[in-house]
Structure formats: structure tokens, C-alpha cells
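Trainee: Before I ask anything, let me first share the structure, which is written out below as C-alpha cells.
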Amino acid sequence: IRGHLIRAKTPGAPKHYQNRRLNGMKKCESFCTACPYIKEGKSIKINGIDWKINKKVNCRSYNIVYAICCKKENCGSVYIGESKRMLKFWLDDHRGYVNTGVDNATGSHFNQPGHSQADISVTVLEQVRKMDDAYRKEREEYFIRKFDTLNRGMNRKI
């Protein structure tokens, strides 16, 4: 009987290589409202320290630690934050702080003379593995200390 049976479905062509996964920060394919502010790349340099982004992340990434950088050449100030939500939603909040003049780190910085919302640049530093608020906040504190954004950035307190 076995010799008379045939497969109804033929196997597809074999893959000679795995799909390539490029790490780093990318813009999403839907070109959302956050994409113009995304700083693409595989690494970022903050206060003279290089950081390599080890995952493929974009504005739809969640459970993240992110950096908001000022594009002004003579400024270059950085704010490091964390969010459980998607980056694009959190970036909308920060842009709202600038538009309404809220007195917080990013709102007050980008409302200074010579600064505007157009100077905002954002990148994800890390997508945290654990879905745990305390661990994510701990990672945020690690990056604030590593890049010294309390003294040389927009962060105000840990």
C-alpha cells in the first residue's frame, strides 16, 4: 500500500539561508506621526559613550528604555526614559508637553529660546526582556547613570 500512496502537497523549495535580522532602530513601514522624529541606526553616542542597539526596534516597540536627544549642534542634551507602552504613544505625550509648555524635563527644554519640537530625535536604547515595571525602571536608572544625564542631560532626578 505504501508504494501506491503519494503526497497531496509537495514541499516548497528549501531555504539556503536564514532570514536576515538587522538589529538597530528603524522607522516603521506605516510612516506614523512618530517616524519623522526617529533616529535610525545600529548604535547611538551619548555624552561620548557609544551604545550598540542589540535588537530590531521601531516606533511600535514596547516595554522599552528610550533616549530623546536634542538635535541642536550646540546643545545635544539627552533625556532617558522608560515606558511600558509603544514608543509612538509615549513620544506623542512628550510632543504634547512641548506644545502645551508643561514644566517637565522635555517640555521645558524644547520650549527654551532657539529650540522647538522639530529638534526632537528619539531612539530606543533597549527593549526590556521582562514585563516588570520595577525591572524596567531599574534599567532606566542604569542608563541615566551610564550616560550621566542627570548632570549632562535633561533628566532631573532618579
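The values are calculated or read from the model by the stated rules, or taken from the named source; none is laboratory data. In this text the structure is predicted, and so the values were computed from the model without any measurement. We work out accessible area using only protein heavy atoms, side chains counted, and drop any ligands, DNA or RNA first. Shrake-Rupley method; radii C 1.70, N 1.55, O 1.52, S 1.80 Å.
Trainee: Whose amide H sits under 5 Å from the amide H of I38, counting only residues 5 or more places off or on another chain, with H placed in the peptide plane?
Mentor: HN-HN under 5 Å from I38: V122.
Trainee: To continue, here is another question. For the chain, modelled as a Gaussian network with Cα springs under 10 Å, which listed residue fluctuates most, C59, C75, C28?
Mentor: C75
Trainee: As a test of understanding, state the convex hull volume per residue of the chain from its alpha carbons, in Å³.
Mentor: Numbers: hull volume 26.7 nm³, N = 158.
Output value, Cα hull per residue: 169 Å³.
Trainee: For each pair in K15/K45; K15/K137; K15/K71; K15/K88; K45/K88, compute the distance between the two Cα atoms and list the pairs where it is over 32 Å. Can you show the working numbers first?
Mentor: Details: K15/K45 37 Å; K15/K137 41 Å; K15/K71 43 Å; K15/K88 35 Å; K45/K88 22 Å.
Checking Cα-Cα distances, K15/K45; K15/K137; K15/K71; K15/K88 exceed 32 Å.
Trainee: Now for a different question. What does the accessible area per residue of the chain come to in Å², with a 1.4 Å probe and no ligands, DNA or RNA counted? Kindly include the intermediate steps, with their values, before the conclusion.
Mentor: Working: 10340 Å² over 158 residues.
The answer is 65 Å² per residue.
Trainee: With the full set of protein chains in place, find how many percent of the accessible area of the chain is carbon and sulfur; take the probe as 1.4 Å.
Mentor: Carbon with sulfur: 49 percent of the solvent-accessible area.
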